[in-house]
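Please read the structure below before turning to the comments.
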Amino acid sequence: MQQRALIVGISGVIGTALAQQLTGDGWQVWGLSRGRTAVPAGCTALTADLTDSDSVRQSLKDVKVDKVFFSAWARQANEKENIRVNGAMVRNVIEALGDSLKGGHVALVTGLKHYLGPFDAYGKGEVPVTPFREEQGRQPVDNFYYAQEDEVFAGAEKYGFSWSVHRPHTIIGFALGNAMNMGQTLAVYASLCKETGQPFIFPGSEAQWEGVTDMTDVHVLAQQLEWAATTPSAQDQDYNVVNGDVFRWKWMWGQIADYFAIEAAPYPGAIKPLEGRMDAAPAEWQAMAQKYGLKEADIGKLVSWWHTDADLGRPMEVFTDISKSRKAGFTGYQCTRDAFVALFDKLKAERLIPG
């Protein structure tokens, strides 16, 4: 029988790649979003305000699916509000589908803030020893990831579906208007440096510059999501998911610079956040868009200075153990340097950065 899936947040970087993965494997896919951007080809678009239970119920009233994938969140002013709003989003979808989920599967994508703590208390507690392992569990702080997990667990007990939780590190992937998109942000930053002659300075901490780290190509994440949803022995488990290689930014920064034919500046000795340093970037990018015929002149739709600063500014080493999913049978792998190159090539092909 044809697999039938609902992707919540289908227009984001994760949802887009997952939709392509599933439709390529013959799934029938519905995508639930706010309707601000088009869904990937071959998918049925559904629009709802995820924070409004009535809106979600109305949108899903005629939908019958076997699998649900959550890859959406809404940033709020503080973690208490993140918990309230993002927990409700998961609950609203599960309650709208209700008994139709019996025997199905619900997958939730969160991330390494499960171990690091939320933005309100980022890295301020006792961070587990690296590499992070699923057995290390939760931190003793408020965290909307935990609230989302609890909604999935409660729904599984109430409606009889299996579940999986997936924790990527920083994601590399293609999607416009997505806040968590370091690769695209770095591509725009490097392009600006090349055009204006400003130095290509690493914006983050010495711990990130010198320490071992890893990342998650969105296609590896999509593969793991499909694997867990269709492999009974892999279900009712939480999984870290990264590319399978490790690197140091002091090396990768030079690799990115080489791609854009610019010189990587030496580490400046202190954090130099992009946010605040890039005040002139909107006007510079508008001029570049006109000069090179780029599709998007509004730099705010391409970059996330704040999120890239948060990831690269971490005061501790961060990388992940993926032994649990390896031992369970998941074999996805991607060289991180190659993932950056593939993204940069895609951005050039789509005329979002200069060729």
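Taking VAL165, is it assigned to a strand (DSSP E or B), surrounded by 22 or more Cβ atoms within 10 Å (Cβ to Cβ) and in contact (Cβ under 8 Å) with a residue 24 or more places away in the chain?
In short, yes.
Hey, could you check the range 310-330 for residues that are part of a loop (DSSP other than H, G, I, E, B) and within 15 Å of SER233 (Cα to Cα) and say which is most open to solvent (accessible area, probe 1.4 Å)?
Among those that are part of a loop (DSSP other than H, G, I, E, B) and within 15 Å of SER233 (Cα to Cα), it is GLY329.
Conditions tested, residue by residue: (1) crowded, with 21+ Cβ neighbours inside 10 Å; (2) at positive phi.
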site: ALA222; (1), (2): yes, no
site: TRP227; (1), (2): no, no
site: THR231; (1), (2): no, no
site: VAL242; (1), (2): yes, no
site: ALA261; (1), (2): no, yes
site: LYS272; (1), (2): no, no
site: GLN286; (1), (2): no, no
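Can you pull out every residue in the range 41-67 that is exposed (fewer than 13 other Cβ atoms within 10 Å of the Cβ) and of a type in the set (Gly, Ala, Ser)?
Once the filter is applied, which keeps residues that are exposed (fewer than 13 other Cβ atoms within 10 Å of the Cβ) and of a type in the set (Gly, Ala, Ser), the range 41-67 yields only ALA41.
Please name all residue pairs, on different chains or six or more residues apart, with Cβ atoms under 7 Å, provided the first residue is in the range 55-66 and is without any contact (Cβ under 8 Å) to a residue 60 or more places away in the chain and the second residue is among the polar types (S, T, N, Q).
Every condition considered, the pairs that remain are VAL56/ASN92; SER59/THR47.
Filter the range 31-40 for residues that are open to solvent by 30 Å² or more (accessible area, probe 1.4 Å) and in contact (Cβ under 8 Å) with a residue 24 or more places away in the chain; which is nearest to SER53 (Cα to Cα)?
The extreme case among them is ARG36.
Taking the criterion of being part of a helix (DSSP H, G or I), within 22 Å of THR16 (Cβ to Cβ) and out of contact with any Leu (no Cβ under 9 Å at 6 or more places or on another chain), would at least one residue in the range 277-286 satisfy it?
no
For residues that are without any contact (Cβ under 8 Å) to a residue 60 or more places away in the chain and either buried (at least 16 other Cβ atoms within 10 Å of the Cβ) or of a type in the set (Asp, Glu) (or both), scanning just the range 288-305, find the one that is farthest from HIS169 (Cα to Cα).
Of everything passing the filter in the range 288-305, ALA289 is farthest from HIS169 (Cα to Cα).
Report the residue count in the range 62-90 for those that are basic (Lys, Arg), out of contact with any strand residue (DSSP E or B) (no Cβ under 8 Å at 6 or more places or on another chain) and modelled with pLDDT of 95 or more.
Going through the range 62-90 one residue at a time, the tally reaches 1.
Quick check on my filter: what residues within the range 244-259 are open to solvent by less than 50 Å² (accessible area, probe 1.4 Å) and in contact with a strand residue (DSSP E or B) (Cβ under 6 Å, 6 or more places away or on another chain)?
Hits for the range 244-259 are TRP253, GLY254, ALA257.
Going residue by residue through the range 266-280, is there one that turns out to be in contact (Cβ under 8 Å) with a residue 60 or more places away in the chain and over 29 Å from PRO131 (Cβ atoms)?
Yes, the range 266-280 contains a residue that is in contact (Cβ under 8 Å) with a residue 60 or more places away in the chain and over 29 Å from PRO131 (Cβ atoms).
Filter the range 76-93 for residues that are within 22 Å of GLN58 (Cβ to Cβ) and surrounded by 22 or more Cβ atoms within 10 Å (Cβ to Cβ) and give the result.
Answer for the range 76-93, where residues must be within 22 Å of GLN58 (Cβ to Cβ) and surrounded by 22 or more Cβ atoms within 10 Å (Cβ to Cβ): ASN86, MET89, VAL90, ASN92, VAL93.
Against the condition open to solvent by less than 60 Å² (accessible area, probe 1.4 Å), in a loop (DSSP other than H, G, I, E, B) and closer than 26 Å to THR230 by Cα, how does PRO128 come out, does it pass?
no
Which one is modelled with the lowest pLDDT, of the residues in the range 94-125 that are open to solvent by 30 Å² or more (accessible area, probe 1.4 Å) and charged (D, E, K, R)?
Top of the filtered list is LYS124.
The values are calculated or read from the model by the stated rules, or taken from the named source; none is laboratory data. Given the structure is predicted, the values throughout are model-derived calculations rather than measurements. In this analysis, Cβ positions are derived from the backbone assuming ideal geometry, glycine residues included, and neighbour counts consider all displayed protein chains. Heavy atoms of the whole protein, side chains included, go into the accessibility calculation; ligands, DNA and RNA do not. Shrake-Rupley method; radii C 1.70, N 1.55, O 1.52, S 1.80 Å.
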